[in-house]
Every structure is written in structure tokens, then in C-alpha cells.
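Enquirer: Before anything else, here's the structure in question.
The values are calculated or read from the model by the stated rules, or taken from the named source; none is laboratory data. In this text, all values refer to a predicted model and were calculated from it rather than measured experimentally. Don't worry about glycine lacking a Cβ; one is built from the backbone with ideal geometry, like all the others, and counts go over all protein chains shown.
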Amino acid sequence: MQSRPAEKNERPGVPVAVPVPEAAPEEAPPPAPEELASSPVIVSGTQIRFVPATCWEGSGFFYWGLGSVSLRVVGHEGDECVFDYMHEVEGGYSVLRCRVPLSEPHVVIREARRSDVGDYGTRASIVTSFPLEDCECIESGSVWEKLDELTESSYRQRQVYDTNFVSYVRGFEQGTEPFAEQGSTIVADFTLYEDRRWESPAGTATLSFRLGDHAVGLGLEAAVEGLGAGGVRQLYVREEIAEGVRDLLPEVRPESQLAMRVEVKAVD
């Protein structure tokens, strides 16, 4: 009987090595839900946005023309995302507990655009991607009342003459005569703050101006009117009528309220 000839890679009498396939690498188990990171709440200018299905914590805030808006994601409950939406206008605020399905592509809160209100409307409003009538009001009140509790003094709304604006004013000291009136020359320190709790001063400007010349803005003129040397006031004033100190906050948003302290040095 004729034997089979050895193949090219074989030697007679030597067993042939058979390659063993490598075992497939084990796949890592999916991360547990508690190991996942929530997607962020994104604030861009006067807009807050987040994705309900992947966001279960976080917050956002912005100022707009007549007040401020804030949002805090509470978490997921069943197939819904729960969040608190705070809307403040000229000091009055409401906090709404809102719910949207996790299937919603996103939640958006933003300042209104011209396209939202038409050519003859006003942009001084907030637009939401969810119906407010479906939300529950869990708190309402006044920012000024909360500040009064902290400072033991009350703010008063005052019309700024020759404008459609009002300021919120709290008087500390009137100072000594003569008191500032139209035609008076004033020297005063104006200090702006970065927040509404008066904890972070942004800078101080010392200005000299004649009351009635409108050189520093009608809001600043109204801030010192009736004060004498040594007089002090704390107030909120719209940035449009505070030209003399606006540069102390270079990133101030248009139509926002400035937290300001004024101290009169001299009246002539």
C-alpha cells in the first residue's frame, strides 16, 4: 500500500499543529443607572435648554428685560421629567412645578423674539416649549419682600422723570443740607453689584455732574435727587438710564436692572 506523500508544511512523523481560535473578548456590562452622568442644562444668552430623557439634575438662570428666569431639574418620575421653573418680573415671582414626557426632544425657555410677537408686539416676554397651564404653582411672592426681611428696610417704587421707567429705592441717610435739586452740581460715588444680595461689588465710579444736564443718565440723576452730602441710597435702576456707570459691568445684558449703592460727597 502506497503512503500519502507529506504535504509542503509537514514532516513525516511530526504531528500537525491545529490553530485554536481565540476566544472573543468578554463585553463589559452596561453601566448601572447610578453610574451614568446627567446631560447638562445649557444656558446660552437668554435661553435655557435641556433634554428630558437624559437630564435628571442641574439648573440654569438668566436675566432678561424685565426680570429673571431660573430652572432646576428635580428628577425623573416614571416616564416624566420634573423641573421647577421660576419666572420673575420687576420683583414679583412665581415658581411652577412642571412635568414633561421623557419622549419630548427638549425643554426650552427663552426670551421672546420679534417673530414670536409680530411687528407691533413687545419682546418683553418669555416663551416656553411646554404649556404653563399644565404646571402647578408651588410658590409666589416678591423679591423685594425677601430683601426687606434681610435688610429690615423697605424698597419703594419711584417713577424716573422724563422716562417710562421706575426704580426701586431704599434710603439709608438723607445727608446734610443743601439737598440736590435741578441745577445742583453733584459729586457722588456709584457702586454697582454683581448680584441682588449686595455681596459682590463690581466697581465704583465717582461722578461729578449737574442735575438736569442728563450727562450721566436720568436714572443716576433721580438716584441722588433730594440727598445732601453724606446721603446714601441703595436702589435698582434700569441700565438704559444709567449710562454713567454701565461700563462697570461690561457684560450687562440689555434692559436689565442694576443693583446700585450711591453715596453723595458734595452738593453745590
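Enquirer: Which of the residues belonging to segment 198-227 are of a type in the set (D, E, K, R) and at positive phi?
Expert: none
Enquirer: I've got another one for you. Has segment 175-197 got at least one residue that is hydrophobic (A, V, I, L, M, F, W, C), touching a Phe, Trp or Tyr at 6+ places or on another chain (Cβ under 8 Å) and at pLDDT below 85?
Expert: Taking every residue of segment 175-197 in turn, none turns out to be hydrophobic (A, V, I, L, M, F, W, C), touching a Phe, Trp or Tyr at 6+ places or on another chain (Cβ under 8 Å) and at pLDDT below 85.
Enquirer: Kindly list, by first and then second residue, each pair from a residue in segment 72-92 that is in the same structural domain as Val237 (by TED's automatic domain parsing) to a residue that is not hydrophobic (A, V, I, L, M, F, W, C), limited to pairs with Cβ atoms under 8 Å and residues at least 6 apart or on different chains.
Expert: none
Enquirer: Which residue is farthest from the chain's Cα centre (by Cα), if the candidates are limited to segment 208-246 and must be in a strand (DSSP E or B) and of a type in the set (A, V, I, L, M, F, W, C)?
Expert: Going through the qualifying residues, I end up with Ala229.
Enquirer: Filter segment 36-81 down to the residues that are among the aliphatic types (A, V, I, L, M) and either assigned to a strand (DSSP E or B) or touching a strand residue (DSSP E or B) at 6+ places or on another chain (Cβ under 9 Å) (or both) and list them by number.
Expert: Once the filter is applied, which keeps residues that are among the aliphatic types (A, V, I, L, M) and either assigned to a strand (DSSP E or B) or touching a strand residue (DSSP E or B) at 6+ places or on another chain (Cβ under 9 Å) (or both), segment 36-81 yields Val41, Ile42, Val43, Ile48, Val51, Ala53, Leu66, Val69, Leu71, Val73, Val74.
Enquirer: If the Cβ limit is 9 Å and pairs must be 6+ apart or interchain, which residue in segment 202-215 that is charged (D, E, K, R) pairs with which residue that is modelled with pLDDT of 90 or more and assigned to a strand (DSSP E or B)?
Expert: Pairs that qualify, where the first residue is charged (D, E, K, R) and the partner is modelled with pLDDT of 90 or more and assigned to a strand (DSSP E or B), are Arg210/Thr185; Arg210/Ile186.
Enquirer: Same structure again: Across segment 173-195, which residue is nearest to the chain's Cα centre (by Cα) among those that are over 19 Å from Leu66 (Cβ atoms) and exposed (fewer than 14 other Cβ atoms within 10 Å of the Cβ)?
Expert: Applying the filter and picking the extreme gives Glu173.
Enquirer: If Val216 satisfies all but one of (1) in contact with a Leu (Cβ under 6 Å, 6 or more places away or on another chain); (2) modelled with pLDDT under 90; (3) among the β-branched types (Val, Ile, Thr), what's the number of the condition it fails?
Expert: (2)
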